[in-house]
Amino acid sequence: MNRQGSLRWKTNDHFVMAGRCIRHLTRNLDNLLIVIVLPIMMMLLFSSVFGGAIQIGGDENYVNYIVPGILLICIGYSASTTAVSINMDMSQGIIDRFRSMPIAKSAFITGHVIASVFRNIVSTTVSVLAALVLGFSPKASFVEWLIIILILLLYALAMTYLSTIFGLLAKTPEGAGAFGFVMLFLPYVSSAFVPLETLPKALRLFAEHQPITILIEALRSLFASTSSPFIFEAIIWCSGILIVSAFIAGQIFKRKTV
Amino acid sequence: MQVENNVIQIRGLKKSYKRMEVLKGVDLNIKKGSIFCLLGSNGAGKTTMVKILATLLKADSGEVILSGCDVKKSPEQVRSVISLTGQYAAVDGLLTARENLRMVGRLNHINDVKAKTDHLLRQFNLEYVANRPVSTFSGGMRRRLDIAMSLIGNPEIIFLDEPTTGLDPQSRIEMWKIIREMAAAGVTVFLTTQYIEEAEQLANHIAVLHEGIIITQGSAQELKSKLAGGAVLLGFGDLSSYITAQETLNGYSCKIDDDTLTIEVATDGSVKQMANLLSILNGTNIAFLEQKQASLEDVFLTLVAN
Ligand SMILES: Nc1ncnc2c1ncn2[C@@H]1O[C@H](COP(=O)(O)OP(=O)(O)OP(=O)(O)O)[C@@H](O)[C@H]1O
Ligand SMILES: [Mg+2]
């Protein structure tokens, strides 16, 4: 038997909590829709409905142009559902049970985070496959793919911890769900679907400076196998948001549960 | 007071929410393996007290020792000897009953999770719904699962906050049986209830929480005898004895019944008064004598009313 407080003891707790949240994914139809249907719908919508109407200049393939944006939307939205799950757990009796048991403190949140990463891996894989079917033609090398995966992973983690904060602070699950809309719409005000030059001045100013644009540009150049200063910046942005929001989420959780 | 026998020791426990004082200095000792029942009306502070004992809430002052561990100083140790079944079922609605039990078993780091899960499903009559999502369960099934989940970690002390509120009479009796079995297995049961009957049925030790303090405690029997205003019912064998007795008892507060030839005499329940009563009635033909005790409900209402 493991000793209480030992590394094995704590690892076990994290795994059990993650297993719980991953099971929830398979039980909840909404979740499945978000994970599998949303990426496919987005790809279809943007490539076929808007594809003809939006001019991006040059003879660039529009599917190639929109893939980074759709990946970020799907990751952001899927990560945002963590806010709702955490909020629901906090408002129901189950959290009191966990708190009265000798469980590693952080396991509750990490359980949700691991499940979110798992959800995002599935969702991103579906997105990429759908994109490939629709004509996506990435030229990235093996190393560039690894960097792409790193950026997406960091982004998923950062957004999950950010939504954890919302989930802990929101009064109701509905309130926590509002974070999803932010994550769904933020990428529209960036270079995700239309070149920045086409945006009105005020929006453009915002779009030029928000991290999503940097991430989009970074991913675009990685998929196209061209170099770009945005790649490094994107990694810094994601890591920064991740560290800060994970710290804040941890503090809020501690304050709420001690 | 044998301290080593008291698995729960509470001294001067105080807790306020903002301006409102909920616990104003609670002292309690609870013996190992007993069923303790905290009785109190809505809002008396029962849940607050359970939450403090179960390490979920910090007291403002006072000391709580559970199985030798201080709740404030070593909550982790406390958590490994207790388990909590809160007022609102702490089950995971998306998981099945079996998954719920296995999850809690694994979080309790017990060795034989599978065997223990099967055993508890059987014991709590949940085998037939073991693989159904808990969100489809009735209130009674949820409660049973909730308690099974509390037992899987082999706790020394189990807290049950209003375990039978909202259950039908049959489920309530079933729950009582489960609680008695837990105590028989050596688990100390700390339960709260608003039902006097429940306290009377189950508890070895009852305490009444009212306006922030324990206003009285003891066994059901002790509590009843604490209440002045019990009565003795005297039945007489013939009419003349009945009439003589009425004259003798002039000055006592009596309720007479000519049809049955009985007199109910109010007493303070003390042995002395009873002996006195019998000595003055010496010589009358008393056919039967029945001590009428105050019900626990009377005790409760009298105490709370004062
Ligand atoms: N978090 C809180 N903040 C402020 N007041 C609270 C809080 N929790 C409980 N109270 C108040 O403290 C008092 C005691 O509440 P508690 O829940 O402990 O009572 P209870 O005896 O369990 O009641 P019930 O039988 O209804 O469950 C109530 O008046 C309640 O309104
Ligand atoms: Mg209560």
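The values are calculated or read from the model by the stated rules, or taken from the named source; none is laboratory data. Here the structure is a predicted model, which is why all the values come from computation and not from measurement. For neighbour counting, all protein chains shown are included, and Cβ atoms are generated from backbone atoms with ideal geometry for every residue, glycine included. Remember, those area values only see protein heavy atoms, side chains included, never the ligands or the DNA or RNA. Shrake-Rupley method; radii C 1.70, N 1.55, O 1.52, S 1.80 Å.
Quick notes
- Simple Cβ-charge dipole of chain A, Lys/Arg +1 and Asp/Glu -1, about Cα centre, in debye nearest 20: 1260
- Listed cross-link partners A:LYS254/B:LYS24; A:LYS256/B:LYS32; A:LYS171/A:LYS256 are compared with a 21 Å cut-off, the Cα-Cα value being larger for A:LYS254/B:LYS24; A:LYS256/B:LYS32.
- Computed over the range B:1-117, relative contact order equals 21 percent, with contacts defined as Cα pairs under 8 Å that lie 6+ residues apart.
- Förster-model FRET efficiency, 30 Å R0, B:GLU127 and B:GLU156, C-beta, rounded to 0.05: 0.65
- Residues B:ASP168 and B:LYS18, FRET efficiency given R0 of 22 Å [Cβ-Cβ distance, rounded to 0.05]: 0.05
- In sequence order, the range A:211-218 has phi-based couplings of x, 4, 4, 4, 4, 4, 4, 4 Hz under the Karplus curve 6.51 cos²θ - 1.76 cosθ + 1.60, θ = phi - 60°, and Gly or Pro positions carry x.
- Buried accessible surface for the A/B chain pair comes to about 2600 Å², total over both chains, computed with a 1.4 Å probe.
- Charge tally around A:PRO173: other residues with Cβ under 15 Å, Lys/Arg +1 each, Asp/Glu -1 each, net -2.
- Per-residue mean of foreign Cβ neighbours for A:14-21 is 3 (Cβ atoms of other chains, 10 Å radius).
- Protection proxy ranking, peptides A:146-154, B:18-26, average beta carbon neighbours within 10 Å, highest first: A:146-154, B:18-26
- Note on A:196-208: average number of Cβ atoms from other chains within 10 Å of each residue's Cβ is 0.
- Short-range pairs are left out: with C-alpha atoms under 8 Å and at least six residues apart, the relative contact order of chain B is 19 percent.
- Derived scalar couplings ³J(HN,Hα) [the range B:200-213; Karplus, 6.51 cos²θ - 1.76 cosθ + 1.60; whole Hz; x for Gly, Pro]: 5, 5, 9, 7, 7, 9, 10, 10, 9, 9, 8, 6, x, 10
- Mean sequence separation of contacting Cα pairs (under 8 Å, at least six apart), scaled by the length of chain A, corresponds to a relative contact order of 27 percent.
- Taking every DSSP beta bridge that has both ends in the protein assembly as shown, the antiparallel portion is near 65%.
- Average beta-carbon neighbours from other chains, 10 Å sphere, peptide B:80-90: 4
- In loop segments of the range B:31-62 as defined by DSSP, the trypsin sites (Lys or Arg not before Pro) with at most 14 further C-beta atoms inside 10 Å of their C-beta are B:LYS58.
- Surface composition of the range B:150-215: carbon and sulfur make up 49 percent of the accessible area, probe 1.4 Å.
- When the Cα gyration tensor is reduced to axis lengths a ≥ b ≥ c, the ratio a/c is 1.5 or higher for the range A:201-258, and with a/b not above b/c it is classed as oblate.
- Occluded residues from the range A:74-106, i.e. those whose accessible area drops by 10 Å² or more once the chain is not alone (1.4 Å probe): A:GLY93, A:ILE94, A:ASP96, A:ARG97, A:PHE98, A:ARG99, A:SER100, A:MET101, A:PRO102, A:ILE103, A:LYS105
- The range B:27-90 versus the range A:170-229: alpha-carbon centroid distance in Å: 50
- The accessible area of A:THR198, taken with all protein chains in place and a 1.4 Å probe, comes to roughly 90 Å².
- Packing order of peptides A:18-30, B:102-114, B:136-148, highest average first: B:136-148, B:102-114, A:18-30 (average count of other Cβ atoms within 10 Å over each peptide's residues).
- Over the residues of the protein assembly as shown, the helix contribution to mean residue ellipticity at 222 nm works out to -16500 deg cm²/dmol, using -39500 (n - 2.57) for each DSSP H run of at least 4.
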